[in-house]
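A.B. asks: Pasting a structure here, questions to come.
The values are calculated or read from the model by the stated rules, or taken from the named source; none is laboratory data. Owing to the predicted nature of the structure, the values given are computational and were not obtained by experimental measurement. We place every Cβ from the backbone using ideal geometry, glycine too, and count neighbours over all the protein chains shown.
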């Protein structure tokens with residue numbers, strides 16, 4: 001049975017407490033979202049800032065990610081590197097990540113340590129030290145991360161170059177980690193300006209899941225985050241990507257063992273959970289083509305025809321910017337990227353002409369529903385689900401509505417989006433042309449903070 005403290009609403013609580021999750025907004029604009037889950041004596045705190053790589057400007061790419069690194073460099077009351085040590089001493093784990101759309105920080109700890117975690121996050125929300133010495137050290141770490149993850153990774157280099165070709169005006173064309181020249185010329189003042197502008201309570205929200213009482217959490221939020229002052233945010237001007245009017249192709253030559261093919265189609269994303277329909281159909285299409293072992297691509301092109309070693313699809317129906325539907329894979333030995341491209345085109349044409357079966361439709365829906373259910377097994381997964389949907393301007397209150405809409409997708413709708421969006425007019429093709437390996441030791445994909 002849930003143990004509630006006496007329900008005494010302070011003036012700072014604008015509470016929507018009719019259902020779990022629960023929500024309140026502090027006077028400084030910071031939203032607090034609490035999902036109670038009593039299955040284990042742990043708690044997850046995630047702080048999401050509505051600021052990501054897409055908010056950068058040309059010449060300053062990578063600053064959102066660099067600032068994420070600097071967030072661990074201390075405040076007047078917490079020394080450099082002390083944040084991680086305190087989380088570990090509390091028996092927890094922490095991390096952070098930057099995307100095109102947001103930057104987020106989290107800790108997972110025993111529930112009795114949540115108070116301390118909220119204190120630490122509130123401290124660095126407005127009191128971060130962004131000194132020249134610490135910045136000079138950390139920017140080298142970021143540049144090395146870029147070398148390891150992109151410059152020395154042919155597949156990542158291909159995706160970066162292809163993305164830059166697919167988008168011409170929209171900031172999604174820039175890599176999240178930043179162009180190397182921008183990192184080389186970045187200063188501590190650049191990072192400090194980014195922090196001072198965007199790291200304010202009214203540009204953030206806190207998601208907490210676990211064995212907690214929402215009223216207790218709301219009181220802790222007022223204690224730690226309440227004293228922080230909000231600030232007016234600059235107007236954001238998002239460029240509109242002009243319509244693509246024909247296929248684009250990019251070839252990257254790099255030392256590698258195998259060719260790689262990426263085919264990216266411009267595709268719609270969710271703007272209105274209730275009225276939109278095409279993004280749900282694209283999700284189902286993705287699952288039919290590549291959602292399980294018996295999906296079309298794996299069954300036909302990998303196992304039967306042996307044209308590909310592996311094939312995948314990436315489509316995210318939620319984003320602040322424009323959407324893309326990616327097909328990617330490597331051809332089998334003796335096959336070329338052109339062979340694989342032709343085979344993928346054939347499979348797409350089959351769906352465009354003949355549609356999909358009811359059995360495929362049922363299986364795809366079951367797979368997507370199962371993946372959604374599996375997320376609920378994890379405290380962290382629940383916090384991620386809420387945080388990500390909110391980061392793109394949609395409401396976590398409608399997550400179940402999204403599942404309902406997925407279940408209502410018809411075979412005709414799947415065929416319709418395949419015909420409408422998987423066309424050459426919006427296609428960008430990237431090919432990795434493998435060059436002889438140079439004999440030098442390759443960098444391993446070592447784990448980093450992200």
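A.B. asks: Please determine, by comparing only the residues of the stretch 149-158 that are in a helix (DSSP H, G or I) and closer than 19 Å to residue 174 by Cβ, which one is farthest from the chain's Cα centre (by Cα).
C.D. replies: This residue is 151.
A.B. asks: If the requirement is being within 27 Å of residue 50 (Cα to Cα), in a loop (DSSP other than H, G, I, E, B) and outside the structural domain of residue 159 (by TED's automatic domain parsing), which of these qualifies: 272, 293?
C.D. replies: Of the residues listed, the single one that is within 27 Å of residue 50 (Cα to Cα), in a loop (DSSP other than H, G, I, E, B) and outside the structural domain of residue 159 (by TED's automatic domain parsing) is 272.
A.B. asks: Continuing with this model, one more query. How many residues, within the stretch 133-146, are touching a residue at least 12 places away in the same chain (Cβ under 8 Å) and either under 20 Å from the mean Cα position of the chain (by Cα) or more than 12 Å from residue 178 (Cβ to Cβ) (or both)?
C.D. replies: 8
A.B. asks: Consider the stretch 348-362. How many of its residues are surrounded by 19 or more Cβ atoms within 10 Å (Cβ to Cβ) and in a helix (DSSP H, G or I)?
C.D. replies: Residues in the stretch 348-362 being surrounded by 19 or more Cβ atoms within 10 Å (Cβ to Cβ) and in a helix (DSSP H, G or I): 4 in total.
A.B. asks: Now, a different point. Criterion first (over 15 Å from the mean Cα position of the chain (by Cα), in a helix (DSSP H, G or I) and either within 24 Å of residue 32 (Cβ to Cβ) or not assigned by TED's automatic domain parsing to the domain that holds residue 322 (or both)) does residue 405 satisfy it? Working first, answer last.
C.D. replies: Details: over 15 Å from the mean Cα position of the chain (by Cα): yes; in a helix (DSSP H, G or I): yes; either within 24 Å of residue 32 (Cβ to Cβ) or not assigned by TED's automatic domain parsing to the domain that holds residue 322 (or both): no.
For residue 405, the condition - over 15 Å from the mean Cα position of the chain (by Cα), in a helix (DSSP H, G or I) and either within 24 Å of residue 32 (Cβ to Cβ) or not assigned by TED's automatic domain parsing to the domain that holds residue 322 (or both) - is not met.
A.B. asks: Just one of the numbered conditions (1) assigned to a helix (DSSP H, G or I); (2) out of contact with any helix residue (DSSP H, G or I) (no Cβ under 7 Å at 6 or more places or on another chain); (3) within 23 Å of residue 47 (Cβ to Cβ) is not true of residue 390; which one?
C.D. replies: Against the list (1) assigned to a helix (DSSP H, G or I); (2) out of contact with any helix residue (DSSP H, G or I) (no Cβ under 7 Å at 6 or more places or on another chain); (3) within 23 Å of residue 47 (Cβ to Cβ), residue 390 comes up short only on (2).
A.B. asks: Go through (1) free of Cβ contacts under 8 Å to residues at least 40 places away in the same chain; (2) under 15 Å from residue 31 (Cα atoms) for residue 173 and report which single condition fails.
C.D. replies: Single failed check for residue 173: (2).
A.B. asks: Something else: Would you confirm whether any residue within the stretch 313-326 is touching a helix residue (DSSP H, G or I) at 6+ places or on another chain (Cβ under 6 Å), within 22 Å of residue 173 (Cβ to Cβ), free of Cβ contacts under 8 Å to residues at least 40 places away in the same chain and surrounded by 15 or more Cβ atoms within 10 Å (Cβ to Cβ)?
C.D. replies: Yes, the stretch 313-326 contains at least one residue that is touching a helix residue (DSSP H, G or I) at 6+ places or on another chain (Cβ under 6 Å), within 22 Å of residue 173 (Cβ to Cβ), free of Cβ contacts under 8 Å to residues at least 40 places away in the same chain and surrounded by 15 or more Cβ atoms within 10 Å (Cβ to Cβ).
A.B. asks: Hey, another quick one. Going by the structure shown, is residue 143 farther than 24 Å from residue 32 by Cα, in contact with a helix residue (DSSP H, G or I) (Cβ under 6 Å, 6 or more places away or on another chain) and either modelled with pLDDT of 95 or more or surrounded by fewer than 21 Cβ atoms within 10 Å (Cβ to Cβ) (or both)?
C.D. replies: Working: farther than 24 Å from residue 32 by Cα: yes; in contact with a helix residue (DSSP H, G or I) (Cβ under 6 Å, 6 or more places away or on another chain): yes; either modelled with pLDDT of 95 or more or surrounded by fewer than 21 Cβ atoms within 10 Å (Cβ to Cβ) (or both): yes.
Answer is yes for this residue.
A.B. asks: Considering the stretch 395-433 alone, what residues qualify as being surrounded by fewer than 18 Cβ atoms within 10 Å (Cβ to Cβ) and within 30 Å of residue 154 (Cβ to Cβ)?
C.D. replies: Matches in the stretch 395-433: 423, 424, 425, 433.
Every residue, every condition in (1) more than 23 Å from residue 146 (Cα to Cα); (2) surrounded by 22 or more Cβ atoms within 10 Å (Cβ to Cβ); (3) in contact (Cβ under 8 Å) with a residue 24 or more places away in the chain, yes or no:
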| residue | (1), (2), (3) |
| --- | --- |
| 52 | no, yes, yes |
| 59 | no, no, yes |
| 67 | no, yes, yes |
| 72 | no, no, yes |
| 76 | yes, no, yes |
| 82 | yes, no, no |
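A.B. asks: Another one. Output the residues belonging to the stretch 266-282 that are in contact with a helix residue (DSSP H, G or I) (Cβ under 8 Å, 6 or more places away or on another chain) and within 10 Å of residue 417 (Cβ to Cβ).
C.D. replies: Of everything in the stretch 266-282, those that are in contact with a helix residue (DSSP H, G or I) (Cβ under 8 Å, 6 or more places away or on another chain) and within 10 Å of residue 417 (Cβ to Cβ) turn out to be 267, 268, 277, 278, 280, 281, 282.
A.B. asks: What number of residues in the stretch 185-237 are over 27 Å from the mean Cα position of the chain (by Cα) and either part of a strand (DSSP E or B) or closer than 15 Å to residue 49 by Cβ (or both)?
C.D. replies: So the answer is 1.
A.B. asks: List pairs: first in the stretch 86-106 and more than 19 Å from residue 171 (Cβ to Cβ), second in a loop (DSSP other than H, G, I, E, B), Cβ under 8 Å, 6+ apart or cross-chain?
C.D. replies: Pairs found: 86/78; 95/449; 95/450; 96/71; 96/72; 96/449; 96/450; 105/71.
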